[in-house]
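Enquirer: Got a structure here, written out as structure tokens. Questions coming.
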Amino acid sequence: MSVVGDIPHYPFSFRGDALASELGRFVVEEPVTRVVTNAGARGWLVTGYAAAREALKDPRLSRGLIADPDMPQEDSSAPPLSVVGTMTMLRRAGLRDEAVKGMGPRQTHISLERVRDIADTLLTTMTAATNTNGNADGNANGDAVGNAEADADTELGDLVADFALPWASQVTCELLGLPTEAAPELAGWFRLLSTGEAADANLFADWTKALSRFDDWMTGIGTEGLLGRLALLNRSSDHPLSHQELVEIALFLFVSGLGNPAGFLALCGLVLARDPELAARLRREPRALPGALEELYRWSVMLGDSIARIAREEAEIGGVRVRAGELVLISIDAANRDPAVFESPDRLDIDRRPSSPHLRFGQGRHFCPAAALNRAQTEVALRSLLDTVPGLRLAVAPDRVRWRQDHAVLLPETIPVRW
Ligand code: HEM
């Protein structure tokens with residue numbers, strides 16, 4: 001743990017398969033504690049479940065104010081787009097409800113059959129390419145190969161590059177109505193989610209390039225997908241969005257649909273690959289999958305940053321007085337491992353039926369509108385993984401899986417697998 005003065009620096013770790021030991025300790029000993037952020041600002045880190053839930057629901061803690069550059073910041077190189085701007089613009093144009101509906105369980109832009117088909121195709125391609133070659137040269141990237149114990153005569157794939165990233169990209173392109181042939185390129189845009197030291201001057205250039213690509217697509221957008229629908233309705237809005245605003249909304253929604261879903265699916269794939277007994281049970285008992293998924297949402301460590309708020313007035317959170325203008329960082333990952341709420345919280349137990357819900361999708365007025373959709377789509381993708389790759393297993397020791405550093409959503413560099 002690095003310390004600035006006597007205050008710890010947050011974040012502590014970029015591994016998604018284990019909670020940073022500092023977070024585990026704070027949850028129990030100091031559920032609301034002082035930290036210094038990547039931007040060098042002081043803030044309150046909320047790790048305890050009760051305090052995190054309270055903070056997420058507290059109207060005195062503002063999400064809008066985090067966009068104010070005069071307020072303490074979590075990161076010095078914040079991207080030019082934010083959820084704050086997206087939701088505010090949609091609300092002003094009277095399109096928020098339509099947008100929320102279009103990310104909900106009853107959206108009509110992409111069916112679950114199609115989501116399954118995308119997963120099946122990716123996995124069949126992965127296994128076919130490596131089976132034909134007898135090794136991974138034509139498929140998994142160099143890192144995966146270098147990372148795996150040498151055994152060139154058996155199959156080797158990479159659940160990040162061959163499955164999780166292209167799946168999330170393709171599904172989101174079809175949900176939003178973006179050109180599907182762009183999906184492979186867009187999968188690489190995960191880098192837009194870098195923070196901290198990795199988020200150097202290139203990040204701003206990357207966002208600018210991405211905006212320019214979306215400018216072209218939104219110029220030619222038809223009526224397909226959620227973006228097509230929003231563009232159509234925008235024409236009859238009393239307060240229509242400008243073209244530039246539509247472009248920014250489109251890019252932000254794409255990054256939302258790529259980042260968390262890819263990171264979560266990759267982590268689920270890693271868990272199944274390193275625990276063939278668990279995978280076998282889920283094949284034998286398909287009805288256990290929804291419960292397993294819910295436990296994976298709880299147990300997973302997904303965030304390289306936090307859910308940030310600024311106190312607009314003095315508030316007491318978890319017994320600590322937070323003054324107006326102070327930064328509050330909520331760690332969902334830590335709260336979901338609070339032993340006061342979840343017994344033996346570090347154990348992944350798919351039979352667990354907790355009395356309190358996990359906070360993976362937030363809480364209160366900003367609760368993720370795509371929560372139910374992501375549940376359904378991820379379940380379908382995992383069924384595809386279980387069915388299509390029956391002998392799935394991790395090709396390296398679990399502690400040799402390398403994680404990308406400095407990303408807002410955690411993702412391994414590669415997940416080398418065999419079957
Ligand atoms: C594993 C998948 C996902 C996770 C874990 C996740 C998590 C979250 C969380 C924690 C929030 C609350 C943020 C806050 O309180 O400030 C949120 C909000 C949001 N999410 Fe998700 N999300 C996921 C998938 C998606 C997808 C697929 C989309 C869009 C295609 C999406 C779009 C949004 C939007 C637009 C909001 C803002 C809602 C509002 O402020 O009213 N999310 N998400």
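The values are calculated or read from the model by the stated rules, or taken from the named source; none is laboratory data. Bear in mind that the values here come from a model prediction, so they are computed numbers and not experimental data. Glycine gets a Cβ as well: all are built from the backbone with ideal geometry, and neighbour counts include every protein chain shown. Just the protein is used for accessible areas: all its heavy atoms, side chains included, with ligands, DNA and RNA removed. Shrake-Rupley method; radii C 1.70, N 1.55, O 1.52, S 1.80 Å.
Enquirer: Does F254 meet the test of being within 14 Å of the chain's Cα centre (by Cα) and either free of Cβ contacts under 8 Å to residues at least 60 places away in the same chain or over 30 Å from R400 (Cβ atoms) (or both)?
Expert: yes
Enquirer: For R229, indicate whether it is of a type in the set (D, E, K, R) and touching a strand residue (DSSP E or B) at 6+ places or on another chain (Cβ under 6 Å).
Expert: no
Enquirer: Can you pull out the helices (runs of 4 or more DSSP H) entirely within the range 254-373 that have at least 2 residues that are of a type in the set (K, R), farther than 18 Å from D58 by Cβ and modelled with pLDDT of 95 or more?
Expert: Hits in the range 254-373: 276-284.
Enquirer: How many of the residues in the range 20-56 are assigned to a loop (DSSP other than H, G, I, E, B) and open to solvent by 30 Å² or more (accessible area, probe 1.4 Å)?
Expert: Count: 5.
Enquirer: In the range 386-419, which residue that is farther than 29 Å from R287 by Cα and small (G, A, S) is surrounded by the fewest Cβ atoms within 10 Å (Cβ to Cβ)?
Expert: A397
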